[in-house]
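The values are calculated or read from the model by the stated rules, or taken from the named source; none is laboratory data. Just so you know, these numbers come straight off a predicted model, no measurement behind them. With ideal geometry, Cβ positions are generated from the backbone for all residues, glycine too; neighbour counts draw on all protein chains shown.
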Amino acid sequence: MLRFIRLAVMALAVLSMPPAHALFGDDEARKAILDLRKQVQDMEKRLQDMQGKGVDLGGRMERLEGAQRGSLEIANQLDALRQDIAKLRGQVDRLQELLNEAVRTYPQEPDIHHLMGWVCTQQARYDEAIIHFQEAVRLKPDYAEALNGRGTALQTLWPCAVFFPPG
């Protein structure tokens, strides 16, 4: 391939120029031929350099393609995770609806208020969590899990509430 390109470059150079002796004297023709040879050698060297870089580019291309495949795999995994999260959010929303209905149906049940407080805490709705934990403690004053949940929600919402409890 390199030999063919070299011959093509030389042929183009020779064919595109009128004969050197027709334009110049013998010394000038010799100089023109030497310049032409120099140009061909420079082109050959550049071509070899480009081919040498082509090997590096091929290796880089393979690495980039591998990285692209890895990126595509990660993107597919992210899509699957997003779908799983959407399903879980749907389940949490359904749980929230069921708990709201349970609180309306059984307002005097401390376990339901405790569970509702826990769900609100998981959703970072600490004000609501505190209200439900407080209601669970009001209904059952020795309810340790509800007291602990209320303390955790208070501490998360107001870090200094541990030192200066409300009320």
message: Quick check on segment 15-27. Is at least one of its residues assigned to a helix (DSSP H, G or I) and at pLDDT 55 or above?
response: yes
task: Go through segment 82-108 residue by residue and tally those that are under 19 Å from the mean Cα position of the chain (by Cα) and among the acidic types (Asp, Glu).
output: 1
Out of Asp79, Asp142, Asp127, sole residue that is surrounded by fewer than 16 Cβ atoms within 10 Å (Cβ to Cβ), at pLDDT 85 or above and within 32 Å of the chain's Cα centre (by Cα): Asp79
- prompt: Does at least one position in segment 31-51 carry a residue that is surrounded by 10 or more Cβ atoms within 10 Å (Cβ to Cβ), in a helix (DSSP H, G or I) and modelled with pLDDT under 70?
  reply: yes
